[in-house]
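Have a look at the structure below, then the notes.
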Amino acid sequence: MDLFKIKEDYIHLNQLLKAIGWVANGAEANSVIENHLVKVNGETELRKRNKLKPGDKIEFNSQKVTIE
């Protein structure tokens, strides 16, 4: 599992997907979230702007990352 260090208190889920290169742009990020393809802490997440904080675990397309 990879780690992603944030500089602020949180990062939005759709921003994270772009920042780590799992999607090409914001529209694709929103689409994969809307299509129930992203999990946060083991649960399917539908909130595009869900605030992710250190310790959160995100899964998409057999990839995993933990917010640090």
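FYI, it's all coordinate maths here, none of it is from the lab. Owing to the predicted nature of the structure, the values given are computational and were not obtained by experimental measurement. No Cβ is skipped: glycine too gets one built from the backbone with ideal geometry, and neighbour counts run over all protein chains shown.
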Next item on the list: Could you tell me which residue of segment 32-46 is surrounded by the most Cβ atoms within 10 Å (Cβ to Cβ), considering only residues that are touching a Leu at 6+ places or on another chain (Cβ under 8 Å) and among the charged types (D, E, K, R)?
Entry: Glu45
Next item on the list: Give the number of residues within segment 13-31 that are in contact (Cβ under 8 Å) with a residue 24 or more places away in the chain and either of a type in the set (S, T, N, Q) or in contact with a Leu (Cβ under 7 Å, 6 or more places away or on another chain) (or both).
Entry: 3
